[in-house]
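Encoded as structure tokens, the structure appears first; notes follow it.
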């Protein structure tokens, strides 16, 4: 099984399971399995509120399965279909309705960087390393670029791709590619609980709108973005659910969407 899904209600934890050789590479089967789970997230809204993406122990993801890709060079349509499936995963993580968190404990390469960077929150351990080695084999990380542009900007992205530099977790934190760095795997789980505590206080509809509006605002001129922001806020403020939540908070009560995270033992 290329992925394992732990459904705890509002939180879905998606783990990329290492193959028989102990590697986490983006084979066609793995990419399609991730794509299928993310499609279910959209269909289940607002039941699934947070998607947590994990890799293997000491290795988040090594990127495209190059051996499989080479074997498929005579099956161009199948190869193209796999690439579209990967692009769909990146788009779903960036623009899907649920908040997304990637937990990085070890090496991240190529396409794995795209999945990581597409998530709303990235938490890494100190042993994490991140690199884009594609140009060394003559490829361009073209599908990864949009996710990296959103995280670190055009120039930083170009530098990462041109140099293939292997960043430490702290270096990735300094440029905004990672949002938090923790000591080890145990600390990673503690940080996840803190992130989930915050995320499960948010209104699911507001999270989905935030992700949509953030993309629109980034592509709009200032006046347009501000005008659309006024319209959205005015509309939100008269929604009965929002008014009820504001009243509840003023009276010391919690909004109905506040949820406590309980991770099942299995």
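The values are calculated or read from the model by the stated rules, or taken from the named source; none is laboratory data. Keep in mind it's a predicted model, so treat the numbers as computed, not measured. A quick note on method: Cβ atoms are made from the backbone with ideal geometry, for glycine too, and the neighbour counts reach across all protein chains shown.
What to note about this one:
- Top-ranked residue in the range 133-159 [being in contact (Cβ under 8 Å) with a residue 24 or more places away in the chain and out of contact with any helix residue (DSSP H, G or I) (no Cβ under 9 Å at 6 or more places or on another chain); ranked as surrounded by the most Cβ atoms within 10 Å (Cβ to Cβ)]: 133
- Scanning the range 71-111 for residues that are in contact with a helix residue (DSSP H, G or I) (Cβ under 9 Å, 6 or more places away or on another chain) and at pLDDT below 90 returns 72, 73, 78, 79.
- Taken as a whole, the condition of being in contact with a strand residue (DSSP E or B) (Cβ under 8 Å, 6 or more places away or on another chain) and farther than 26 Å from residue 9 by Cβ does not apply to residue 192.
- Pick from the range 56-70, criterion in contact with a helix residue (DSSP H, G or I) (Cβ under 7 Å, 6 or more places away or on another chain) and modelled with pLDDT of 80 or more, ranking: farthest from residue 17 (Cα to Cα): 68
- Any hit, the range 112-120, residues being touching a helix residue (DSSP H, G or I) at 6+ places or on another chain (Cβ under 6 Å), in the same structural domain as residue 166 (by TED's automatic domain parsing) and under 17 Å from residue 174 (Cα atoms): yes
- Among residues of the range 53-90, those that are in contact with a strand residue (DSSP E or B) (Cβ under 8 Å, 6 or more places away or on another chain) and over 18 Å from residue 1 (Cα atoms), counted: 1
- Of the residues making up the range 160-183, those that are surrounded by fewer than 14 Cβ atoms within 10 Å (Cβ to Cβ) and part of a helix (DSSP H, G or I) are 162, 163, 170, 174.
- For the range 247-263, a residue qualifies if it is on the phi < 0 side of the Ramachandran plot and surrounded by fewer than 12 Cβ atoms within 10 Å (Cβ to Cβ), and the qualifying residues are 247, 249, 250, 251, 254, 256, 260, 262.
- On inspection, residue 201 fails the criterion of being loosely packed, with under 12 Cβ neighbours inside 10 Å and touching a residue at least 12 places away in the same chain (Cβ under 8 Å).
- Note on the range 1-34: residues that are under 19 Å from residue 111 (Cβ atoms), touching a residue at least 40 places away in the same chain (Cβ under 8 Å) and surrounded by fewer than 19 Cβ atoms within 10 Å (Cβ to Cβ) amount to 4.
- Wholly enclosed strands (runs of 3 or more DSSP E) of the range 43-138 bearing at least 3 residues farther than 30 Å from residue 257 by Cβ: 58-61, 106-109, 129-131
- Verdict on residue 116 being surrounded by 22 or more Cβ atoms within 10 Å (Cβ to Cβ), at pLDDT below 95 and within 24 Å of residue 162 (Cβ to Cβ): no
- Residue within the range 209-227 that is assigned to a loop (DSSP other than H, G, I, E, B) and either closer than 20 Å to residue 46 by Cα or in contact (Cβ under 8 Å) with a residue 12 or more places away in the chain (or both) present: no
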